[in-house]
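Presented below is the structure to which this report refers.
The values are calculated or read from the model by the stated rules, or taken from the named source; none is laboratory data. The structure displayed is predicted, hence computed values, not measured ones. Cβ placement follows ideal geometry from the backbone for every residue including glycine, while neighbour counts extend to all protein chains displayed.
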Ligand SMILES: [Zn+2]
Ligand SMILES: [Zn+2]
């Protein structure tokens, strides 16, 4: 189900986990690093940037949602909440594959 509260908030940022410069996505909110897939717990609803937690969201898995879109599942390393972000078109395919293979932690060591 698409949230009615979705806001477009597409800004470039420096990944807090791997240090990559992540460019604007262009078609929707850039909400995670396209290299290591890490995100920051800053949204309550997608794009609203209203969450004050600001913890590191670590990918823990990948699922196919009801619209047949791949969704990355995250767990916040600070508050422990679960969070989902849609896969972006330029996400690092190797990282997604590692996530689906449960070899993501090994993959991160090679980054
Ligand atoms: Zn990163
Ligand atoms: Zn959090």
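Residues of the stretch 17-29 that are touching a strand residue (DSSP E or B) at 6+ places or on another chain (Cβ under 6 Å) and either within 16 Å of ligand 2 (Cβ to nearest atom) or closer than 16 Å to residue 86 by Cβ (or both): 22 alone.
Exactly one residue out of 19, 80, 26 is at positive phi, in a loop (DSSP other than H, G, I, E, B), over 12 Å from the mean Cα position of the chain (by Cα) and within 11 Å of ligand 1 (Cβ to nearest atom): that is 19.
Listed here are the residues, each with its yes/no results for (1) in a strand (DSSP E or B); (2) modelled with pLDDT of 95 or more; (3) more than 20 Å from residue 18 (Cα to Cα).
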{"position": "34", "(1), (2), (3)": "no, yes, no"}
{"position": "37", "(1), (2), (3)": "no, yes, no"}
{"position": "47", "(1), (2), (3)": "no, no, yes"}
{"position": "51", "(1), (2), (3)": "no, no, yes"}
{"position": "57", "(1), (2), (3)": "yes, yes, no"}
{"position": "67", "(1), (2), (3)": "no, no, yes"}
{"position": "96", "(1), (2), (3)": "no, yes, no"}
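Examine the stretch 44-51 for a residue that is touching a strand residue (DSSP E or B) at 6+ places or on another chain (Cβ under 7 Å) and touching a residue at least 24 places away in the same chain (Cβ under 8 Å), and state whether such a residue exists.
Taking the stretch 44-51 and keeping what is touching a strand residue (DSSP E or B) at 6+ places or on another chain (Cβ under 7 Å), we get none.
Within the stretch 44-51, not a single residue is touching a strand residue (DSSP E or B) at 6+ places or on another chain (Cβ under 7 Å) and touching a residue at least 24 places away in the same chain (Cβ under 8 Å).
For (1) crowded, with 19+ Cβ neighbours inside 10 Å; (2) closer than 21 Å to residue 99 by Cα, each residue gets a yes or a no:
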position	(1), (2)
40	yes, yes
43	yes, no
49	no, no
59	yes, yes
76	yes, yes
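Within the stretch 67-91, the set of residues being more than 22 Å from residue 8 (Cα to Cα) and in contact (Cβ under 8 Å) with a residue 40 or more places away in the chain comprises just one member, 81.
Here is a list: 63, 96, 35. Which entry is in contact (Cβ under 8 Å) with a residue 40 or more places away in the chain and either within 16 Å of residue 12 (Cβ to Cβ) or in contact with a strand residue (DSSP E or B) (Cβ under 6 Å, 6 or more places away or on another chain) (or both)?
On the way: 63 fails: in contact (Cβ under 8 Å) with a residue 40 or more places away in the chain; 96 fails: either within 16 Å of residue 12 (Cβ to Cβ) or in contact with a strand residue (DSSP E or B) (Cβ under 6 Å, 6 or more places away or on another chain) (or both).
None of the other options fit; the residue is 35.
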